[in-house]
Amino acid sequence: MRRIVFHSRSRRDRGFTLFELMVVITVTLILTAIFIYSSRHLIITTKLSRVKEEHKVLSRALQNYQMDYNDYPNNTVGLKALNSPTAYLASLPSDPFLSDGNRTYVYYYEPGYPYNYILISAGPDGDLDFYEYYLSAVSSPASEGATPQPQPAENALKDFLKTRVYDPTNGLNSDGDIITLSRR
């Protein structure tokens, strides 16, 4: 006579419990968040390295331009002068922090100041603070209700450089521009 034995289903045949699924999903989400944060940090540090290197290349091209023409390009021509009539660069680099890929770096030149030129990148916040701050500071009113008193642009620039320069210790969303100065 054959004996029929009913076995209860073993643990492995039953599947996962709700608690086990929640633990797996939670661990997966935590690992995904860590990956996204670290990859974002890596992307920004790569862009920062690119900006620093392109500022060096632009500085060399501007120095070569200055040696040929005895002056730096003015603000209206800007960096486009490095491509014509003599090509100091094969093409103008674009600022990786600006969403519009065709935007070049900001170039500012003011003869007579203690610097030759300024090259500016928007920085990780993607906002060019230079013109907003600089132009408002040059024509800011001395007191409320008073007529605007223009202050020397050099003082406004010094204030800007103290407050609005990118600081990598502030994290990925540091407010400020990446600035390269060429001092006389």
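For region 109-129, what are the residues that are surrounded by fewer than 18 Cβ atoms within 10 Å (Cβ to Cβ) and either under 20 Å from T45 (Cα atoms) or in contact with a strand residue (DSSP E or B) (Cβ under 6 Å, 6 or more places away or on another chain) (or both)? Don't jump to the end; show me each part of the working.
Taking region 109-129 and keeping what is surrounded by fewer than 18 Cβ atoms within 10 Å (Cβ to Cβ), we get 110-115, 125-127.
Within region 109-129, Y115, D125, G126, D127 qualify.
Restricting to region 44-90, name every residue that is among the small types (G, A, S), at pLDDT below 90 and out of contact with any Phe, Trp or Tyr (no Cβ under 8 Å at 6 or more places or on another chain).
Correct list: S84, A87, A90.
The values are calculated or read from the model by the stated rules, or taken from the named source; none is laboratory data. What you are looking at is a predicted structure, and each value in this text was computed from that prediction instead of being measured. Neighbour counts are summed over all protein chains in view; Cβ atoms, including those assigned to glycine, are modelled from backbone coordinates with ideal geometry.
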